[in-house]
Amino acid sequence: MSGYTLEAYTLGFEELKEKLRAAPQMVAEVKYKMVDRMVNIARQTADDKAPTDTGNLRANLRANSRVVTGGGDIYGEVGVTIMNHGAPYGIYQEYGTGAFAEGPGGSRGVKVRTGGIRPKFYLRAGMEAVKAKISEVFDIGKQIIDNLK
């Protein structure tokens, strides 16, 4: 059988190697986009549902909604840090106070003349909106598969 040479070539192998080298960056980018979309859905819904008097709560919500990266982790934050006379105003608006207080953040100890603040659940509405639109978020994730083809 001397004199015969068998050579095999894998078509597209070099292209596949390049795509695999770029895969970690693509995965990170798609993860960021997915979390960013979830943050935007939650923030927009919470913003729409949040009570408005002076607009400070909504402005604080917008300022404290972001994608956080570091140490290989990526996560989203949607919330408020606003204080009103030393009280966590955003939590009181979310869970209520006095007779209307609900959940872990509500304060039954806060006394007001009207019996309390009714809970608004604006942040909860934001999380429910993310759940309702999760397929939209996963569509963003499908980009990585399309990019590797």
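Read-outs throughout are calculated quantities, based only on the coordinates presented, and are distinct from any laboratory measurement. Source: prediction; values computed, not measured. Here the Cβ is made from the backbone with ideal geometry for all residues, glycine too, and neighbour counts use every protein chain on show.
A compact table of results
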| item | result |
| --- | --- |
| Positive-end residue, the chain charge dipole about Cα centroid, Cβ charges, pick of Tyr92, Gly141, Gly126 | Tyr92 |
| Zone residues, the stretch 41-57, relative to Glu136, backbone N less than 18 Å from point 7 Å out along Cα-to-Cβ | 41-50 |
| Gained length - Ala87 relative to Lys31, 0.36 nm times residue gap less alpha-carbon distance | 16.6 nm |
| Karplus 3J(HN,Hα) series, Hz, for the stretch 90-101 with 6.51 cos²θ - 1.76 cosθ + 1.60 (x for Gly, Pro) | x, 5, 5, 5, 5, 9, x, 9, x, 5, 9, 4 |
| Theoretical gain in end-to-end length, Met127 to Ala99 [0.36 nm per residue, Cα-Cα removed] | 7.6 nm |
| Chain lengthening between Glu15 and Thr69 when straightened (0.36 nm per residue, less Cα-Cα) | 16.4 nm |
| Flagged links, alpha-carbon separation over 32 Å, of Lys17/Lys133; Lys19/Lys49; Lys17/Lys142 | Lys17/Lys133; Lys19/Lys49 |
| Among Gly72, Gly116, Gly55: highest mean-square fluctuation, GNM of the chain, C-alpha pairs under 10 Å | Gly72 |
| For Ile117, distant residues with modelled amide H under 5 Å away | Thr97, Gly98, Phe100 |
| Proxy reagent accessibility, fewest Cβ within 10 Å first, across Phe100, Phe138 | Phe138, Phe100 |
| Ranked list, fewest to most other Cβ atoms within 10 Å of each Cβ, for Tyr89, Tyr122, Tyr75 | Tyr75, Tyr89, Tyr122 |
